[in-house]
Amino acid sequence: MMDEGDLHFNDLPFELVCEIFDYLPLPDVKNASIVCRRWNAIIFSEVYIHRFQLQVNLDHTLPVLKQMAQLLESSEREYYTVVLRANLGSPLTDARLRIVKLMIRLLAYRSESLYFNMADFRIESCISERLLRGRKLQVIDTRAKYIPLGMGLKESMLSAICEYAVDLVDLVIAEMNINNPKALVPLSSLKHLKLLLISDYYPYVKPPEPPIDLPNLENLSLIKVTDESCHYFRVDNLKRFFIHSTGTDAPRTMDFITQNITRVNRLCLHFTARSIQAEVIFGWLDRFPNLLALELAGVALPVDVLKHLSPANRLQKLIFVSCHLESIELEGLSEKLTQLRQLCFDGCSLFHKQSGFHPIHYDDIEQLRQILPRCRVMLDYD
């Protein structure tokens, strides 16, 4: 017969240990995970992580939703994953929106990094050293076979992020697929934001003044957007600007960028049409007095692509991505890029008279290394 003195906490079965951990708030669960290997294995097991998931059906009647909101507001329990199920084609009532905002408030509290995928109504806090793992909120359309109609819900979720996550440093908004020019205006409340990435944003109206003021933003990426999107941000301290434009008119794109964004020291221009006039792009670079690095992607590069580039440029790093080159020895390369220290070809192709375009190899860039002895000439896999 076993004496009481022989009993140890680690002798308890897995299920009972989980029940005990359930009484702990999330910060204490974190502390418990570093006590020993067994506790860590239990806390990070899929069985236990699932216990931190909350599922809420937003299609309930109004009285039920109100009662549910009151219970959630009074609860101190925290969840890793919150799943909200709703018919997104039905009206976005105040009761439903109240629960959505409450869940976003719990998710965004003290978060510094958030990822918001508008296509599937998913918000995730990024993993950091201060959390066991990232938290997630997702709204699932109960009409699974139909296209979601929750455009108002998307914008409401974004507004809630801007209202409750005021200390955000990094924010990614993916797959917006909307053209409402006012959708992003609430971002101005995120005064600590340093990194912002937005994809699939299609405004077609140029505002008289940038409506989104982000004074501390250092890194702005606009992916698959219209040229007009450049005009929606006042970013006086921006260091890096990335744009993947859906446009096919290089002068128009550069004109839109330089009207509002010129103080960057790194500029990344990605296009989808090889008909883009790359030589025109280099002619606009004198509008960026602090520019030290240029990344150009998806265009054809004629041998005289640098003909409009001012010799007074300060470029130290030049990266070509998925470009087609007429010749590896661009005219004026050593004369106009006197400060260049790194030249990179990432997934580029070079034209050969006998066989057309082929991927650039080490043999192709060997002569460039002799022409530019102080510059590191490299391929993407160097």
ILE243 being part of a strand (DSSP E or B), in contact with an Asp or Glu (Cβ under 9 Å, 6 or more places away or on another chain) and crowded, with 22+ Cβ neighbours inside 10 Å: yes
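Yes or no, residue by residue, for (1) within 29 Å of VAL166 (Cβ to Cβ); (2) touching a Pro at 6+ places or on another chain (Cβ under 7 Å):
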position	(1), (2)
LYS224	yes, no
SER229	yes, yes
LEU238	yes, no
THR248	no, no
ASN265	yes, no
LEU269	no, no
Residue that is modelled with the lowest pLDDT [pool: residues in segment 84-129 that are among the aliphatic types (A, V, I, L, M) and within 20 Å of PRO25 (Cα to Cα)]: ILE127
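A quick yes/no check of all residues on (1) at pLDDT below 90; (2) surrounded by 14 or more Cβ atoms within 10 Å (Cβ to Cβ); (3) of a type in the set (A, V, I, L, M); (4) within 23 Å of the chain's Cα centre (by Cα):
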site: ILE261; (1), (2), (3), (4): no, yes, yes, yes
site: LEU267; (1), (2), (3), (4): no, yes, yes, yes
site: GLN277; (1), (2), (3), (4): yes, yes, no, no
site: PHE288; (1), (2), (3), (4): no, yes, no, no
site: LEU294; (1), (2), (3), (4): no, yes, yes, yes
site: ALA297; (1), (2), (3), (4): no, yes, yes, yes
site: ASP304; (1), (2), (3), (4): no, no, no, no
site: LEU318; (1), (2), (3), (4): no, yes, yes, no
site: PHE345; (1), (2), (3), (4): no, yes, no, no
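Can ILE198 be described as open to solvent by less than 10 Å² (accessible area, probe 1.4 Å), at pLDDT 90 or above, part of a strand (DSSP E or B) and outside the structural domain of ASN117 (by the TED database)?
Against the criterion (open to solvent by less than 10 Å² (accessible area, probe 1.4 Å), at pLDDT 90 or above, part of a strand (DSSP E or B) and outside the structural domain of ASN117 (by the TED database)), ILE198 qualifies.
Would you point out the residue of segment 35-62, among those that are of a type in the set (D, E, K, R) and at pLDDT 75 or above, that is nearest to ARG85 (Cα to Cα)? Walk me through how you get there before you give the answer.
Of segment 35-62, the ones of a type in the set (D, E, K, R) are 37-38, 46, 51, 59.
Okay, now just the ones that are also at pLDDT 75 or above, so 37-38, 59.
Details: ARG37: 36, ARG38: 35, ASP59: 7 Å.
Ranking the candidates gives ASP59 first.
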How many of the residues making up segment 89-108 are touching a residue at least 60 places away in the same chain (Cβ under 8 Å), open to solvent by 40 Å² or more (accessible area, probe 1.4 Å) and in a helix (DSSP H, G or I)? 1
Of LEU132, LEU137, LEU171, which residue is surrounded by 14 or more Cβ atoms within 10 Å (Cβ to Cβ) and at pLDDT 90 or above? LEU171
Pairs needed: first member in segment 247-274, free of Cβ contacts under 8 Å to residues at least 60 places away in the same chain; second member anywhere, assigned to a strand (DSSP E or B) and acidic (Asp, Glu); C-beta distance under 9 Å; at least 6 residues apart or different chains. ARG266/GLU295; LEU267/GLU295; CYS268/GLU295; LEU269/GLU295; HIS270/GLU295
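Given the criterion within 21 Å of SER349 (Cα to Cα) and basic (Lys, Arg), identify the matching residue among ARG274, ARG252, ARG266, ARG314.
Values: ARG252 fails: within 21 Å of SER349 (Cα to Cα); ARG266 fails: within 21 Å of SER349 (Cα to Cα); ARG314 fails: within 21 Å of SER349 (Cα to Cα).
Checking each option against the conditions leaves just ARG274.
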Please work out if HIS231 is surrounded by 16 or more Cβ atoms within 10 Å (Cβ to Cβ) and touching a His at 6+ places or on another chain (Cβ under 9 Å). no
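The values are calculated or read from the model by the stated rules, or taken from the named source; none is laboratory data. It should be emphasised that the depicted structure is a prediction, and the values quoted were computed from it without experimental measurement. Note that each Cβ is placed from the backbone with ideal geometry, even for glycine, and that neighbours are counted across all protein chains shown. Accessible surface areas use protein heavy atoms only, side chains included; no ligands, DNA or RNA. Shrake-Rupley method; radii C 1.70, N 1.55, O 1.52, S 1.80 Å.
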